[in-house]
Amino acid sequence: MPRPLRVLFVSPEVAPFSKTGGLGDVAGALPAALASLGHEVMVVTPKYATIKDKSLERTGEWLRLRFPAGEAQGPISWKRVGPNHDVFFLENVFYDRDGIYGDSRGEFGDNALRYTYLSVGALSTAQLFGFEPDIVHLNDWPCGPAAVALKRGYRGTALERARSVFTIHNLAYQGMFPKRVMDELGLPWDLFHSDGIEFHDGVNFMKAGLAFSDALTTVSPTYAREIQTHDGGASLDGLLRARSHSLTGIVNGIDPAVWNPEVDPAIPAHFSAADLAGKAACKRALLERFGLAPSDAPVFAVISRLTPQKGIDLLMATMPRVLHAGMRFIALGSGDGQLEGAFHALQARFPGQVGTWVGFDEKLSHLIEAGADFFLMPSRYEPCGLNQLYSLRYGTVPIVRSTGGLADTVSDISQPDGTGIRFDDFHVGALEHAIWRAMHLYSERGWLDEVRRRGMGQDFSWDASAREYERLYRSLAL
Ligand code: ADP
């Protein structure tokens, strides 16, 4: 039996405490899956004001980090979320705001400091509690400074032997800051060059993570290839090509404790591949929730951050061309104000057929997954995507653009093992055609149920993915 590993897992968001997207889900579920493989996992994340969980406890330890402008400090809280699995929360006045990375006025101006505090604070927290990690697993740009600190700041300590893994959840968000943060954060100027953390005469935290971590991963094999190309590399493709041998793609799993239509407390009726009857009750409840009359027409749905990445603009351009066929369309999302406006406009134009809700509503997202017939993901790019996995699990047929993780997890119904509908071109005609194919599938009940059952039978549990991370960790650990 190889010995269990100690993993320090650092993330700017951790579900169920904080979440803006898939990273939060991953940071909740992957450490749990690793712990159930027998590893010891310490998760470190900020304690945002939005975290209302009353069961967090103060540890009694106080974190103090020295920066050129003075000390940043705060207490550390924690919660044991499972055997071998603790989450530590760093408290600081600059996390005490009504938002995670920003608020309605935009990104917070001191994010370089806020996330350097997380990065370096996570390493120091491990030290304070005598946790000597074999692996430090870093996630997205907020953890970039930790990769640098680990290489530079901990020689002669137990952290020197830790190996770092940096996971790219979305390469488009890079954490770019003006070069004055070099002095503000006390970063060594010898790192400020094109092979270091400098990027267009500023500092790029994502680049820091990519350049200084021992291994790189991203959340699907296709996205791992795409980000090494000029079109998909967001100006970091050169560095990623240079580190190609250290980069692997591991698809995210889903947390079966949260997403399981057989027991989900957020939905009015339960169902399984063997007995789909409850899905009809969920569909009725969904239509009612959005003030739509009961109907046998197919329900198409979307749940999304409203950003250009997600192709909601393409969807809004396409729906008016197909809604005359009588389907229902339900949309939940928040983000870009213009796209929020487009939701409302579509609903006003097709009352009785379209239901929309602007906001972030976890419970509602479960009802939509359970009650819809088709789930739309026309993304421009998609590192992994979780909603298509939830859709498959809930017998809701995903309609996806063939990109990134969507291409790795959904096979087209033209194939014998098909679980969804795929289209290639980011174009109204291509999406429209995919929707007509869905209408055709819906008209053939036996086929539809077969596709649904096949999707529900797919194994996207974290177990398989956690084992891939475990293999990677073992290949690195000293
Ligand atoms: P991304 O991380 O790019 O936003 P993913 O598909 O990986 O995309 O994960 C998105 C996660 O956030 C899913 O769990 C999805 O259900 C959830 N989500 C996105 N927007 C909303 C919303 N408005 N309300 C509730 N959940 C949402």
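Computed from the coordinates by the stated procedures, all read-outs in this text should not be read as laboratory data. Computed from a prediction, not measured in an experiment: that's the story for all the values here. Don't worry about glycine lacking a Cβ; one is built from the backbone with ideal geometry, like all the others, and counts go over all protein chains shown.
For the range 76-106 and the range 263-322, what is the separation of their Cα centres, given in Å? Measuring centre to centre over Cα atoms gives 32 Å. In order along the range 458-465, the Karplus-derived 3J(HN,Hα) couplings, from 6.51 cos²θ - 1.76 cosθ + 1.60 at θ = phi - 60°, round to 5, 9, 10, 5, 5, 3, 5, 5 Hz, and Gly and Pro are given as x. Cα-based radius of gyration for the range 344-385, normalised by 2.2 N^0.38 Å, reads 1.39.
Working note: Karplus 6.51/-1.76/1.60 with θ = phi - 60° gives the range 205-212 the couplings 5, 4, 4, 4, x, 5, 7, 10 Hz, where Gly and Pro are set to x.
Shape class of the range 12-107 from the Cα gyration tensor (axes a ≥ b ≥ c, square roots of the eigenvalues): oblate, since a/c reaches 1.5 or more and a/b does not exceed b/c. Looking at the chain, the DSSP beta bridges with both ends there are about 30 percent antiparallel. Among T318, M176, M439, flag the residue with its Cα farthest along the positive direction of the charge dipole of the chain, charges on Cβ as +1 for Lys/Arg and -1 for Asp/Glu. So the residue furthest toward the plus end is M176.
Ignoring everything except DSSP H segments at least 4 long, calculate the 222 nm mean residue ellipticity for the chain; use -39,500 (n - 2.57) per segment, divide by total residues, nearest 500. That calculation yields -10500 deg cm²/dmol at 222 nm. Note that the range 339-352 has calculated 3J(HN,Hα) couplings of 5, 4, x, 5, 4, 5, 5, 5, 5, 5, 7, 10, x, x Hz, one per residue in order, obtained from phi through the Karplus relation 6.51 cos²θ - 1.76 cosθ + 1.60 (θ = phi - 60°); glycine and proline are x.
Label the chain by shape, choosing from rounded, prolate and oblate, from the square roots a ≥ b ≥ c of the eigenvalues of the Cα gyration tensor; if a/c is under 1.5 it is rounded, and otherwise prolate applies when a/b is larger than b/c, oblate when it is not. Before the final figure, lay out the partial values.
Details: a/c = 1.81, a/b = 1.71, b/c = 1.06.
Because a/c hits 1.5 or more and a/b exceeds b/c, the chain counts as prolate.
Here's how it looks for V203: its modeled amide H is under 5 Å from those of F177, K179, which are all 5 or more places away or on a different chain. Specify whether the C-alpha gyration tensor of the range 431-470 places it in the rounded, prolate or oblate class, a ≥ b ≥ c being the square roots of the eigenvalues: rounded for a/c under 1.5, otherwise prolate if a/b is larger than b/c and oblate if not. Verdict is oblate for the range 431-470.
Cα convex hull of the range 140-271: mean projected area in nm², to one decimal? Provide the component values of the computation, followed by the final result.
Numbers: hull surface 45.2 nm².
Computed as one quarter of the Cα hull surface, the answer is 11.3 nm².
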